[in-house]
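> Have a look at the structure that comes next, please.
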Amino acid sequence: MQITEVDGLGAEITDVDITTLSETEFDAIKAAFAEHGVIFFRDQNTTEKDHIAFAERFGDINVNRFFAAHPDYPQIALVAKEPDQKDNIGGGWHTDHSYDHEPALGSVLVARELPESGGDTMFASMYKAYETLPEDLKAKIEGRSALHSGKHIFGEGPDSYYNTTDAGAHDEGTHRIGNAAVADTLTDPEHPIVITHPLSGKKALYVNPAFTREVVGLDQAESEALLAELYAHVFKGDGFHHRFKWEPGSIAMWDNRSTWHWALNDYPGQRRIMHRITIEGCALDA
Ligand code: SIN
């Protein structure tokens, strides 16, 4: 088994079959995951059961509350976009589950049906984002927390994504993303803006444009300005972005605490079907 760092962030793991890993190979994969934040596999021939078995080696599975589930395997969430859909799941920079009190560790995404072109996934390293922040910006976030929520994306409220953007711009009915009834029952957590990563012990920037709502203790204008500065730094991503091109048999596994990702929505009229399993995480400390 070879572990090779890729540009920006992440490691590609080759000469391996994830369905027959020895304990030693699995330990090396786990260490690469903690260090690099995202790991990639190619040419894997996995059934749904293999996918579940691999994910379970990392921890308990979080059964998704918002997305449609695989009809036979509820542990697998369908990250699907049909040819007639406009929206895709994850179509902007974000990290999954920051709206939870114990955000998920990460996800294992398996490509099942790919568009002829397009549909790449972008990743950004939140370790490197923190390391490369200017010192004055590091000082501004030192010891601070932020409030996170999923209600404005998945919920029904008047300020939700579906109610505030252009009429007709989004899918409705069965194509609508997210289960609003569940989203509106969640209580919103606060997390430190800089976390100590539970696996690696390294510092990581932990805010994201999709689910972070405000910096605790600042007024709205100050909070928006500070978050905008942090996001501008990550959007620029000097040396810490990676664009992953999917092929049949590709698998990506990312850590939600040390990366952002963004599923590009550049394949209108085509189908893209991915199977995602998310693994339970823990509360995050500064
Ligand atoms: C996601 O945000 O989980 C989707 C990622 C992808 O489809 O590439």
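The values are calculated or read from the model by the stated rules, or taken from the named source; none is laboratory data. All values reported here derive from a predicted model rather than from experimental measurement. Note that each Cβ is placed from the backbone with ideal geometry, even for glycine, and that neighbours are counted across all protein chains shown. Accessible surface areas use protein heavy atoms only, side chains included; no ligands, DNA or RNA. Shrake-Rupley method; radii C 1.70, N 1.55, O 1.52, S 1.80 Å.
> Among Leu186, Ile39, Asn88, which residue has its Cα positioned farthest towards the positive end of the charge dipole of the chain, with +1 placed on the Cβ of Lys and Arg, -1 on the Cβ of Asp and Glu, and the dipole taken about the Cα centre?
Of the candidates, Asn88 comes out farthest on the positive side.
> What's the extension gain from Asp285 to Val182 if we count 0.36 nm per residue and subtract their Cα-Cα distance? Display every interim value, and only then the final one.
Details: separation 103, 0.36 × 103 = 37.08 nm, distance 2.63 nm.
Extra length from Asp285 to Val182 when fully extended: 34.4 nm.
> Placing unit charges on C-beta atoms (Lys and Arg positive, Asp and Glu negative, everything else neutral), compute the dipole magnitude of the chain about its Cα centre in debye, rounded to 20. It would help to have the intermediate numbers written out before the result.
Working: 24 positive and 47 negative charges, 21 e Å.
So the dipole magnitude of the chain works out to roughly 100 debye.
> Under the 0.36 nm per residue contour assumption, what length would be gained going from the current alpha-carbon distance of Glu113 and Thr47 to full extension?
Length difference between fully extended and current span is 22.4 nm.
> For the chain, report the convex hull volume of the alpha-carbon atoms normalised per residue, in Å³, without decimals. Intermediate values should be presented prior to the final figure.
On the way: hull volume 36.6 nm³, N = 286.
That works out to 128 Å³ per residue.
> What pairs from Lys81/Lys245; Lys203/Lys245; Lys128/Lys151; Lys128/Lys202; Lys128/Lys236; Lys138/Lys236 go past 19 Å between their alpha carbons?
From Lys81/Lys245; Lys203/Lys245; Lys128/Lys151; Lys128/Lys202; Lys128/Lys236; Lys138/Lys236, over 19 Å: Lys203/Lys245; Lys128/Lys151.
> Kirkwood-based Rg over Rh for region 3-112 (C-alpha set), two decimals? Display every interim value, and only then the final one.
Working: Rg = 15.0 Å, Rh = 15.7 Å.
Checking Rg against Rh, the ratio lands at 0.95.
> While we're looking at this one, here's another question. Relative to the present Cα-Cα distance, how much length would full extension add between Phe66 and Thr132 at 0.36 nm per residue of separation?
Extra length available between Phe66 and Thr132 comes to 20.3 nm.
> Sticking with this structure for a sec: Which translational diffusion coefficient, to the nearest whole µm²/s, is obtained for region 173-286 from the Stokes-Einstein equation, given a Kirkwood hydrodynamic radius over C-alpha pairs, 25 °C and 0.890 mPa s?
Translational D for this selection: 142 µm²/s.
> Just the number, please: carbon plus sulfur as a percent of the accessible area of region 2-279, 1.4 Å probe, no ligands or DNA/RNA counted.
On the way: 5870 of 12060 Å².
Using a 1.4 Å probe with all protein chains present, region 2-279 comes out at 49 percent carbon and sulfur.
> Within region 211-284, list the trypsin sites (Lys or Arg not before Pro) lying in a DSSP loop whose Cβ has at most 14 other Cβ atoms in a 10 Å radius.
Filter output for region 211-284: Lys245.
> Using the membrane-span-like helix rule (whole DSSP H runs, Cα extent along the own axis of at least 20 Å, mean Kyte-Doolittle hydropathy at least -0.5), which helices of the chain qualify?
Once both thresholds are applied, what remains is 220-236.
> In region 21-117, which GluC sites (Glu not before Pro) are in a loop and have at most 10 other Cβ atoms within 10 Å, using DSSP for the loop call?
Glu116
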